[in-house]
Amino acid sequence: MKKVGNFFRYIFRDSKFGKFWIKAHLQYLALAGLMYGIKAGLYFLIAYIPADPIYFHHTIDSNIPLVPFFYFFYLLYYIVPEIFIWILSFFDRKKAVTIVVAGVSSTIIACIVFLIQQVKMARPEAEMLAYSEFSSVHNLNDLFKYGINWQYHADETALNCFPSLHATVGMALAMVGLWTGKDEKHFPIGLRIFCTLFGFGIVMSTFFVKQHYFVDAIMGAFLFTFFYFQFKWFFVPLYLARKEAKLAKLEEKKLEA
């Protein structure tokens, strides 16, 4: 194990690649990617477990229209948050890690809920059948409808709706923009506004493209927010305090020696 540890320490720290890896903060990009990997793996694993799913029926969902434009946000969920968590690490590494840990924690809780009771989405699939072929695309709105139709077929089960994992990641991106740090390097205001608006756009896209119920999005956003502030206000300060105490003890031992 020690040899394996030394090997990885050399590759990711001491080698030329390792020095570039650290300088470019690629470890934070890898952490964000790991968050996505855990989400995808657990989501699709649970989706194929035999279950007796239920449907939610709320008046608010009947009044929410299908807005094809929001598929733009729904699709870019797979790349935009990951990139901006990495960018955030250049300004506040602690916050970037807190966001990833909160994202993984909310995913685990969501998957436990999926195992207890799977919720199935009632999607307007018949409405999208006219856009099953690319030849049906004549304008930008048609292109988004074509994308939604593709999404429906890519996720045929329409399970694991409550809470929405898309909403947890959307809220993670919004939290990148909702800057509260007092770092010497200030996160550009333009990026803050973009992350906040795009993050909330991802949350809203879940019900505007009819992949989730409204309550799914609210609960997903709440889950991430809850874990983020738990780590930010309690666990991270506790960890740092213990780390400082440990370093102080080491200094005392050195002085005594």
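Residue check, Ile109 against (1) open to solvent by 30 Å² or more (accessible area, probe 1.4 Å); (2) within 29 Å of the chain's Cα centre (by Cα); (3) closer than 22 Å to Asp61 by Cα, all met but one. Which one?
(3)
How do the pairs read when you match residues in segment 62-85 that are in contact (Cβ under 8 Å) with a residue 60 or more places away in the chain and open to solvent by less than 30 Å² (accessible area, probe 1.4 Å) with residues anywhere that are of a type in the set (S, T, N, Q) and not in a helix (DSSP H, G or I), using Cβ under 8 Å and keeping only pairs 6 or more apart or on different chains?
Final answer for the pair search is Tyr74/Gln211.
Identify the residue in segment 22-56 that is aromatic (Phe, Trp, Tyr) and part of a helix (DSSP H, G or I) and, among all such residues, is modelled with the lowest pLDDT.
Phe44
Based on this model, can you work out whether Leu115 counts as at pLDDT 95 or above, out of contact with any Asp or Glu (no Cβ under 8 Å at 6 or more places or on another chain) and open to solvent by 10 Å² or more (accessible area, probe 1.4 Å)?
So Leu115 does not fit the description; no.
Against the definition (modelled with pLDDT of 95 or more and open to solvent by less than 40 Å² (accessible area, probe 1.4 Å)), how does Phe207 come out, yes or no?
When the stated conditions are applied, Phe207 passes them.
Exactly one condition in (1) open to solvent by 10 Å² or more (accessible area, probe 1.4 Å); (2) more than 22 Å from Ile87 (Cα to Cα); (3) touching a Pro at 6+ places or on another chain (Cβ under 9 Å) is false for Phe198; which is it?
Only one criterion in (1) open to solvent by 10 Å² or more (accessible area, probe 1.4 Å); (2) more than 22 Å from Ile87 (Cα to Cα); (3) touching a Pro at 6+ places or on another chain (Cβ under 9 Å) is unmet by Phe198, namely (2).
May I ask you to list the residues in segment 130-181 that are surrounded by fewer than 20 Cβ atoms within 10 Å (Cβ to Cβ), polar (S, T, N, Q) and within 20 Å of Pro50 (Cα to Cα)?
Thr157
Does Ala102 satisfy being assigned to a helix (DSSP H, G or I) and open to solvent by less than 20 Å² (accessible area, probe 1.4 Å)?
yes
When you check Ile49 against the structure, is it more than 26 Å from Gly147 (Cβ to Cβ) and loosely packed, with under 13 Cβ neighbours inside 10 Å, yes or no?
yes
The values are calculated or read from the model by the stated rules, or taken from the named source; none is laboratory data. Predicted, not measured: the structure shown is a model, and the values here were computed from it. Because the Cβ atoms are built from the backbone with ideal geometry, glycine has one as well, and the counts that use them run over all protein chains shown. Note: areas computed on protein heavy atoms with side chains; ligands, DNA, RNA excluded. Shrake-Rupley method; radii C 1.70, N 1.55, O 1.52, S 1.80 Å.
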